[in-house]
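**Student:** Have a look at this one.
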Amino acid sequence: MGEKRATREAFGATLVELADAGMDVVVVEADLSKSTTTATFEKAYPARFFNAGIAEQNMIGTAAGLAVGGKIAFTGSFAVFATGRAYDQVRNTVCYSGLDVKLCPTHSGITVGPDGGSHQMLEDLALMRVLPGMRVLVPADARAAASAIRVAAATPGPFYVRLGRAAVPLVYDEGFEFELGRAYVLREGTDVTLAACGVMVERALAAAELLAAEGVSAEVLDVATIKPIDADTVVASVARTGAVVTCEEHSIIGGLGSAVAEVIGEQRPVPLRRVGVRDVFGTSGDPEELMVHYGLTAIDIAAAAREAIAVRA
Amino acid sequence: MAEGRSPDELRELARRMRCDIVSMLTEAGSGHPGGSLSAADIVATLYGSVLRHDPAQPALPERDRFVLSKGHAAPVLYAALAETGYFDRTHLGTLRKLGSILQGHPDCKKTPGVEVSTGSLGQGLAISNGMALSLRLDGMMEPTVYCLLGDGELQEGEVWEAAMFASHHGLTNVVAIVDNNGLQIDGACSEVMCLGEIAHKFAAFGWEAVECDGHDIGTLVRVLGGARARAEAGGKPVVVVCSTIKGKGVSFMQGLADWHGKTPTAEQAATALAELGCNGEVA
Ligand SMILES: Cc1ncc(C[n+]2csc(CCOP(=O)(O)OP(=O)(O)O)c2C)c(N)n1
């Protein structure tokens, strides 16, 4: 296994790069600048950094006002608070007004670890995906995260970029450029499609190895943009393989699994299995232990793939 | 930039706006007369005298900004925008109808002159703070962001998060205005959820609070017109707490929570328009 980095590490550093490059970015944080890494930006551009205090609604509202004034406003905090605590602000102010507010909260999913269920956000993709005008990105590694943040800055309108706390293996090479609305075929295969996002991409690749050892050819997609989803790539893949497993560090309700189900349900129905957290809250533990506990390992993905293939056959 | 109007002209503007409010709400058949009428003198004073703005150029960088945090009072804003020339008055008759530029609550994507969409209470002050910060970052020290809130709306926690924020950052380019009509939907604010002394609360949050009669045009011109200078002099954001009467100007609506979100029948509207001295040219 190669180098590991947390996707959140890309946040502050990329913001500094954007400002260095002359982009009119500002940051509003809610007392979590060290954890989210926006402190890096504060250090470089103190006049463009605003701490709202422990007041997430105010964080989103202030960012919205900065965006009304023409700024590209990034917000911090943790995924659970930035989406749940301030949902109405995100809906009624950011999205309804169509503002340049870019939510990039960190600490999404169960890889938050010991802080437990109160802090492990497993419903954020569901909440953000249903908002008109919101684009939802789930980068697979720190390089994809940096690129996704650049895309969010350069593209008008609201964005949600899901970042994580735990160090995870790098999937992409240096220089990877994130394309909005594109799913990446990382491995070609003919028997089953493994459609993954975020930290599950690397696990889907590992699952494909396990399956290959049994003579099962798995195609691996990184569905890095959950919305707008790359329906063409998903449909083309399942048309080749005839079965699909979705893999996400999120509830099986409302996130990638649902997005893929919607696409294939309408355009190309094939057997589907969803690997994700099965409608329960998280719990304290070590991130890797939790991935095993909730069935989010390569072994679980491979098992789901066999089931999907069996149903098709 | 628009010319400031005399007190008499402002009174006439407010009267016409009240006529517009009654007419458009009657035509729409739904909406919020009480809190629109209570704010008519405040909003008329802003658009007719205090705000430096140019209706022909709604995006003029040098303009003062207005945020209607109590978005349900959209009719008072639409009346001011129409009366000062942001769009044609004929739109007023389309309020709340399919395809209208005048949505039930302010929509910045549809209506010229609306800075940001509102309607979910409690959010306007934080947005105004962000707008004020943005102006500051751009070195635009002249424009002021005026934010109108309801008294019931002050029950929302985000208002106080924003109040803390504005004083922490010394946002002297934000002026908050409270339409203190004492009523919300379920009755008197003092009975639903008592706000105590609003001016004291803001003062405790580091603001300079000024109280005034929200229906006396001469006072409003002086207090609202002087709020920014006062903020600069004191180095703190200023809030103007305006004593108002919900439904002001229509005898049978005044002081009644029941007229918060109910529109008049054709007969009631005729009475109201007659009381307001509205001629066919306005209605
Ligand atoms: C967040 C939110 N909660 C509830 C409402 C429904 N609502 C609309 S107006 C209103 C009462 C507002 O009272 P106040 O702020 O005093 O306004 P005014 O009396 O000036 O009309 C309520 C509860 C809303 N628009 N937004």
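The values are calculated or read from the model by the stated rules, or taken from the named source; none is laboratory data. Just so it is clear, the structure is predicted and the values come from calculations on it, not from any experiment. Cβ placement follows ideal geometry from the backbone for every residue including glycine, while neighbour counts extend to all protein chains displayed. All accessible areas refer to the heavy atoms of the entire protein, side chains included, with ligands and DNA or RNA removed. Shrake-Rupley method; radii C 1.70, N 1.55, O 1.52, S 1.80 Å.
**Student:** Picking from A:Gly181, A:Gly133, A:Leu163, whose Cα lies most toward the positive end of the charge dipole for segment A:79-183 (charges on Cβ: Lys, Arg +1; Asp, Glu -1)?
**Tutor:** With unit charges placed on the Cβ atoms, the residue in question is A:Gly133.
**Student:** If we sort B:18-26, B:234-242 on the protection proxy, mean other Cβ atoms within 10 Å, highest first, what's the order?
**Tutor:** B:18-26, B:234-242
**Student:** With runs of 4+ DSSP H residues as the only contributors, calculate the mean residue ellipticity of the protein assembly as shown at 222 nm using -39,500 (n - 2.57) per run, divided by the residue total and rounded to the nearest 500.
**Tutor:** Helix-only estimate at 222 nm: -11000 deg cm²/dmol.
**Student:** For peptide A:89-98, how many partner chain Cβ atoms fall within 10 Å of a residue's Cβ, on average?
**Tutor:** 5
**Student:** Starting from the eigenvalues of the Cα gyration tensor, five times each then square-rooted, give me the equivalent ellipsoid semi-axes of segment A:51-204, largest first, whole Å.
**Tutor:** 27, 18, 14
**Student:** Straight-line reach from B:Lys246: which lysines have a Cα under 18 Å away, not including same-chain ones fewer than 8 places off?
**Tutor:** B:Lys70, B:Lys262
**Student:** For segment B:134-181 and segment B:210-260, what is the centre-to-centre distance using only Cα atoms, to the nearest Å?
**Tutor:** 15
**Student:** Out of residues 5 or more away from A:Thr193 or on other chains, whose amide H comes under 5 Å of its own, with H placed 1.01 Å from N in the peptide plane?
**Tutor:** Under 5 Å from the amide H of A:Thr193: A:Glu219, A:Ala243, A:Val244, A:Val245.
**Student:** To continue, here is another question. Can you give the charge dipole size of the protein assembly as shown about its Cα centre, rounded to the nearest 20 debye, using +1 on the beta carbon of Lys and Arg and -1 on the beta carbon of Asp and Glu?
**Tutor:** Approximately 420 debye in magnitude.
**Student:** Can you tell me the alpha carbon radius of gyration of segment A:47-124 divided by the globular rule-of-thumb value 2.2 N^0.38 Å?
**Tutor:** 1.10
**Student:** Using just the C-alpha positions of segment B:136-283 as equal point scatterers, what log10 of I(q)/I(0) does the Debye formula give at each q in 0.12, 0.14 1/Å?
**Tutor:** The Cα Debye sum returns log10 ratios of -0.60, -0.76.
**Student:** Follow-up question, since we're still on this one. For B:Ala199, what charge total do you get from the other residues with a beta carbon under 15 Å from its beta carbon, if Lys and Arg give +1 and Asp and Glu give -1?
**Tutor:** -3
**Student:** Counting other Cβ atoms within 10 Å, keep those with at most 15, restrict to DSSP loop, and tell me which trypsin sites (Lys or Arg not before Pro) in segment A:241-305 are left.
**Tutor:** Counting only loop positions with at most 15 other Cβ atoms within 10 Å, the trypsin sites (Lys or Arg not before Pro) in segment A:241-305 are A:Arg278.
**Student:** If the convex hull of the alpha-carbon atoms of segment B:7-275 is projected onto planes in all directions, what is the mean projected area in square nanometres?
**Tutor:** Taking a quarter of the hull surface, the average projection is 12.7 nm².
**Student:** Have a look at A:Thr14, A:Thr83, A:Thr225 and tell me which one the Gaussian network model of chain A (Cα, springs below 10 Å) gives the largest fluctuation.
**Tutor:** Comparing A:Thr14, A:Thr83, A:Thr225 in a Gaussian network model of chain A, the most mobile one is A:Thr14.
**Student:** For chain B, give me the percentage of DSSP beta bridges that are antiparallel, rounded to the nearest 5 percent.
**Tutor:** 5
**Student:** What nm distance separates the two modelled labels at B:Lys262 and A:Glu174, each placed 7 Å from Cα along Cα→Cβ?
**Tutor:** 7.2
**Student:** Connecting C-alpha atoms closer than 10 Å in a GNM of chain A, tell me which of A:Leu18, A:Leu296, A:Leu272 has the biggest fluctuation.
**Tutor:** Per the Cα network of chain A with a 10 Å cutoff, A:Leu18 tops the list.
**Student:** Arrange the residues B:Ile245, A:Ile226, A:Ile253, A:Ile54 by how much accessible surface each exposes, largest first, with a 1.4 angstrom probe.
**Tutor:** Largest accessible area first, the list is A:Ile54, A:Ile253, B:Ile245, A:Ile226.
**Student:** A follow-up question, please. Structure shown: which of A:Lys34/B:Lys236; A:Lys102/B:Lys110; A:Lys4/A:Lys102; A:Lys4/A:Lys43 lie over 27 Å apart, alpha-carbon to alpha-carbon?
**Tutor:** A:Lys34/B:Lys236
**Student:** How much net charge surrounds B:Cys242 when only other residues with a Cβ under 9 Å from its Cβ are counted (Lys, Arg +1; Asp, Glu -1)?
**Tutor:** -4
**Student:** Related question: Roll a 1.4 Å probe over the protein chains and send me the accessible area per residue for the protein assembly as shown in Å².
**Tutor:** Accessible area per residue, the protein assembly as shown: 36 Å².
**Student:** What figure, in Å² to the nearest 10, do you get for the accessible area of B:His105 with a 1.4 Å probe and non-protein molecules left out?
**Tutor:** 60
**Student:** Over all alpha-carbon pairs of segment A:184-310, lay out the pair-distance distribution in 5 Å bins, whole %, shortest bin first.
**Tutor:** Reading upward from the zero bin: 2, 13, 24, 26, 20, 10, 4, 1, 0.
**Student:** What spacing in nm lies between the two simple spin-label points modelled at A:Glu289 and A:Ala261, each 7 Å away from Cα in the Cβ direction?
**Tutor:** For A:Glu289 paired with A:Ala261, the spin-label model returns 3.1 nm.
**Student:** Give the residue list of GluC sites (Glu not before Pro) in segment B:1-84 that are DSSP loop and have at most 16 other beta-carbon atoms within 10 angstrom.
**Tutor:** B:Glu3, B:Glu62
**Student:** Now, a different point. Label the protein assembly as shown by shape, choosing from rounded, prolate and oblate, from the square roots a ≥ b ≥ c of the eigenvalues of the Cα gyration tensor; if a/c is under 1.5 it is rounded, and otherwise prolate applies when a/b is larger than b/c, oblate when it is not.
**Tutor:** Since a/c reaches 1.5 and a/b is larger than b/c, the shape of the protein assembly as shown is classed as prolate.
**Student:** Any idea what diffusion coefficient chain A gets from Stokes-Einstein, in µm²/s, Kirkwood Rh on alpha carbon pairs, 10 °C, 1.306 mPa s?
**Tutor:** Estimated via Stokes-Einstein, D reaches 83 µm²/s.
**Student:** Considering the options B:Pro7, B:Ile198, B:Cys19, tell which one lies farthest towards the positive end of the dipole of segment B:7-275, charges being +1 on Lys and Arg and -1 on Asp and Glu at the Cβ, about the Cα centre.
**Tutor:** The residue sitting farthest along the positive end of the dipole is B:Cys19.
**Student:** Of the DSSP beta bridges with both residues in the protein assembly as shown, give the percent that are antiparallel, rounding to the nearest 5.
**Tutor:** 15
**Student:** Mind telling me which of B:Thr45, B:Thr144, B:Thr271 comes out most flexible in a GNM of chain B, alpha-carbon contacts under 10 Å?
**Tutor:** B:Thr271
**Student:** Anything in chain B that counts as a DSSP H helix reaching 15 Å or more along its axis (C-alpha) with Kyte-Doolittle mean of at least 0.0? List them, would you?
**Tutor:** Helices passing the filter in chain B: B:124-137, B:157-168, B:217-234.
**Student:** If you take the accessible area of B alone plus A alone and subtract the pair, what total do you get in square angstrom, rounded to 100, with a 1.4 Å probe?
**Tutor:** Result for this pair: about 1900 Å² buried.
**Student:** What does the charge count around A:Thr7 come to, taking other residues whose C-beta lies under 10 Å from its C-beta (Lys +1, Arg +1, Asp -1, Glu -1)?
**Tutor:** Neighbour charge sum, excluding A:Thr7 itself: +3.
**Student:** When only the heavy atoms of the protein chains count and the probe is 1.4 Å, how do A:Thr283, B:Thr244 rank by accessible area, highest first?
**Tutor:** Reading off the accessible areas and sorting them downward yields A:Thr283, B:Thr244.
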